[in-house]
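Beneath this line is the structure, given in structure tokens, with notes to follow.
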Amino acid sequence: MNDQIYQDLKSLHLSGMAQSWMLLHETRKLGELTLQDGMAVLIQAEHDQRTNNRTARLLSQARFRYNASIEELAFNTAQGRDKNQILSLATCEYIKQGASVLVTGPAGVGKSFIASALGYQACFAGYKVRYANMQKLLEDMHMARIESKAARFFDKMAALDLLIIDDFGMKILDGQQLLDFMELIEDRHGRKSTIIASQLPVKNWYDILAKNPTIADAILDRVVKSAYRIDLNGVSMRK
């Protein structure tokens, strides 16, 4: 009978309940529980299993460069890694606000790691996240244009709760690249959150977009205004 119940739960795609049922049977705790308590244990097990599966799926889809966590960060206010600020961002309140987070600083000071750690935290909170290197993002937008899939691509990006753009500012944007980046930002403005990590200080970002001053002004107004800022400094942590 116990094995049949296990198989029935599996066939109903209640794997969390099935595993919990078998564990209760193997540890001989079934007889110690009332029907109500037993159901509570099984339901909690199913809930935990589905949460874990969803988190694993979100982490896989995010395509992070680093396996990072808030717990691994070495806080140092003098170098821009302010504990209170980062822990506040870790609550994911900025995602509910649809706000941007800008992480700047020289090479090796931990920009990508902090961005990824915040992304991991968002996945654990149940948000859809995507990590993208700026150059790869530009290539993906270009291919979407070539394959006549641009509308689908931008809709998919707009649906993300959090988009992390790393290595922003490595090249000057012009032509269709600038227009596509504007569309990407416009679709997310005020609704979805974006983290941008760059070696360039924010005051120099205009130069990357200045091939079209009007678009540059529009992008910076949407990205920088009301954004949370993490300005890192110090020697490279890679050393």
- Task: Scan the stretch 101-110 residue by residue and report those that are at pLDDT 95 or above and surrounded by 24 or more Cβ atoms within 10 Å (Cβ to Cβ).
- Result: Val103, Thr104
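For the stretch 119-166, enumerate the residues that are basic (Lys, Arg) and without any contact (Cβ under 8 Å) to a residue 12 or more places away in the chain.
Residues of the stretch 119-166 that are basic (Lys, Arg), as a first pass: 128, 130, 136, 145, 149, 152, 156.
Those that are basic (Lys, Arg) and without any contact (Cβ under 8 Å) to a residue 12 or more places away in the chain: Lys136, Lys149, Arg152, Lys156.
Can you name every residue in the stretch 20-56 that is under 26 Å from Cys123 (Cβ atoms) and touching an Asp or Glu at 6+ places or on another chain (Cβ under 9 Å)? First the steps, then the outcome.
Of the stretch 20-56, the ones under 26 Å from Cys123 (Cβ atoms) are 20, 43-56.
Across the stretch 20-56, the qualifying residue is only Ser20.
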- Given the residues Ala45, Ala56, which is the only one that is loosely packed, with under 13 Cβ neighbours inside 10 Å, modelled with pLDDT of 85 or more and either of a type outside the set (Val, Ile, Thr) or on the phi > 0 side of the Ramachandran plot (or both)? Ala56
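What number of residues in the stretch 26-40 are surrounded by fewer than 16 Cβ atoms within 10 Å (Cβ to Cβ), outside any loop (DSSP other than H, G, I, E, B) and not acidic (Asp, Glu)?
Of the residues in the stretch 26-40, 6 are surrounded by fewer than 16 Cβ atoms within 10 Å (Cβ to Cβ), outside any loop (DSSP other than H, G, I, E, B) and not acidic (Asp, Glu).
Residues of the stretch 57-78 being of a type in the set (A, V, I, L, M, F, W, C), within 15 Å of the chain's Cα centre (by Cα) and in a loop (DSSP other than H, G, I, E, B), which ones?
Initially, the stretch 57-78 is screened for residues of a type in the set (A, V, I, L, M, F, W, C), giving 58-59, 62, 64, 68, 70, 73-75, 78.
Filter again for within 15 Å of the chain's Cα centre (by Cα), leaving 58-59, 62, 64, 68, 70.
Result: Phe64, Ala68.
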- Please determine, by comparing only the residues of the stretch 137-194 that are within 17 Å of the chain's Cα centre (by Cα) and among the basic types (Lys, Arg), which one is nearest to Ala115 (Cα to Cα). Lys192
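The values are calculated or read from the model by the stated rules, or taken from the named source; none is laboratory data. All of these numbers come straight from a predicted model, not from anything done at the bench. Don't worry about glycine lacking a Cβ; one is built from the backbone with ideal geometry, like all the others, and counts go over all protein chains shown.
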